[in-house]
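Remarks on the structure that follows.
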Amino acid sequence: MPYYRIEKKHAKEGVDVSRSVMERSVARIADKLRPLYDLLCSRVRAADVIFTDATTVKIARPNDRSQGSKRGHVWIYLDREGHHAYDFTETWQKEGPCNWLATFEGYAHCDGYKGYDSIFERDNVTRVACLAHVRRKFIDAEGSDPDVAAEILARIRGIYAIETQARKDELTADEIKVLRQEQAAPLLEELRARLFVLEASALPQSPTGKAVGYALNRWDDLLVYLTDGRLEIDNNAAERAMRPLGIGRKNWLFFLNDNGADTAMVILSLLRTAEAVGVNALDYFRDVLTRIDREPDLEKLLPRGWQEHFADPVGQQRSKALQLLTGK
């Protein structure tokens, strides 16, 4: 919710808290929590498998106000443990992800954004392309070439069905790798052969031609997931992590300035990580803010550490309070 709507909501309840006070309060909270945010970012950078994506946000009053409003960019860096690290940059330039991932080594699930390319020039970083993006390209082609699109989409569904079965059977990473190489690899090879045939007949600028070109240009990266059972067939984890921003833009519309964007990155990173871990986010923030000045081990105050060390007693206190309130 934007601050002005929270201000009105409080006013109806007889609480006079201006939006400017709320803005300053949240900024102070973010400053207090920033050491946790920095530690969270370091945890994601140390992972060997991550997911990344980006979206645009509007900045109403950038630092250089002579330019008027502008578009900024929010990036997500997410590991397999559910640690969400959001980052804000003023531009869409490659320096944003390149600097953030300067020390990263491992597999990175991402889309075809050219700004990532220099990251993958390093021998210790491997791109994992997203089959869901290929699928969407052929969905876009359904209107102009429904028969071809239906065929390719059916082939892709067959490949995804293998992933569904692996999750249902709760296979280990090694077992997933074997399953993919036995069942998915042949289906992908058949798909590639069909795409080569379509490439020869489809107009390059047609929706089908663009979909075929998109898939074939990323083919080697699409196959990487076959080599390691820890990897995913797509980058949907990062895209799901971006949904709060997509939904939020319809409510709060913009960040007031760059500082507000930085504040949001701290809060959002810890909030989404808490939700991914499965802790009550409100309990988490309330409790951590009382502990952060006296707890020397910040690992205990990250959502997963807090869940292990503090969640149960805090939950018990809440239950007791509710019992006193309700008499039950």
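Observations on the model:
- Take 240-248, 317-325, 226-234, 168-176 and order them by the average number of nearby Cβ atoms within 10 Å per residue, most first; the result is 226-234, 240-248, 168-176, 317-325.
- Efficiency of FRET between Leu187 and Leu39 - r from beta-carbon atoms, R0 51 angstrom, step 0.05: 0.75
- Ligands, DNA and RNA are left out, and with a 1.4 angstrom probe the accessible area of the chain is 54 Å² per residue.
- Listed by chain and number, the aspartates and glutamates whose alpha-carbon sits under 17 Å from that of Lys168, ignoring those within fewer than 8 places in the same chain, are Glu232.
- Degrees, to the nearest 10: 207-217 long Cα axis against longest axis of the chain: 90
- With Cα atoms, 0 to 90° folded angle of helix 236-252 axis to the chain main axis: 50
- For the chain, the mean residue ellipticity at 222 nm estimated from helices alone is -18000 deg cm²/dmol, where every DSSP H run of n ≥ 4 contributes -39500 (n - 2.57) and the total is divided by all residues, rounded to the nearest 500.
- Charge tally for Arg45 (other residues, Cβ to Cβ under 15 Å; Lys, Arg +1; Asp, Glu -1): -3.
- Antiparallel %, DSSP beta bridges [both residues in the chain], to 5: 65
- Relative to the longest principal axis of the Cα atoms of the chain, the long axis of helix 311-326 lies at roughly 60 degrees.
- Scattering profile of the chain at q = 0.11, 0.13 Å⁻¹ [log10 I(q)/I(0), Debye over alpha-carbon scatterers]: -0.86, -1.10
- In terms of its alpha-carbon gyration tensor, the stretch 126-245 comes out prolate; a/c meets the 1.5 threshold, and the first ratio a/b outweighs b/c.
- Here the average projected area of the convex hull drawn through the C-alpha atoms of the stretch 1-95 stands at 8.4 nm².
- Fraction of beta bridges assigned by DSSP in the stretch 9-144 that are antiparallel (%, nearest 5): 70
- Cross-link partners for Lys137 among the aspartates and glutamates, with Cα-Cα distance under 15 Å and sequence neighbours closer than 8 places in the same chain left out: Asp111, Asp145, Asp147, Glu151, Glu199, Asp234.
- Within the accessible surface of the chain, defined with a 1.4 Å probe on protein heavy atoms only, the carbon and sulfur portion equals 50 percent.
- Summary of the geometry: the stretch 157-229 and the stretch 278-297, compared by the centres of their Cα atoms, lie 43 Å apart.
- Rg of the Cα atoms in the stretch 43-197, relative to 2.2 N^0.38 Å, amounts to 1.28.
- Kirkwood-Stokes translational diffusion coefficient of the stretch 197-289, alpha-carbon pairs, 10 °C, 1.306 mPa s, µm²/s: 91
- Too-long pairs where the Cα-Cα distance tops 28 Å, listed order kept, from Lys32/Lys114; Lys9/Lys32; Lys32/Lys94: Lys32/Lys114; Lys32/Lys94
The values are calculated or read from the model by the stated rules, or taken from the named source; none is laboratory data. Not measured: the values here are computed from a predicted model. Here the Cβ is made from the backbone with ideal geometry for all residues, glycine too, and neighbour counts use every protein chain on show. Protein only, heavy atoms only, side chains kept; ligands, DNA and RNA dropped before computing areas. Shrake-Rupley method; radii C 1.70, N 1.55, O 1.52, S 1.80 Å.
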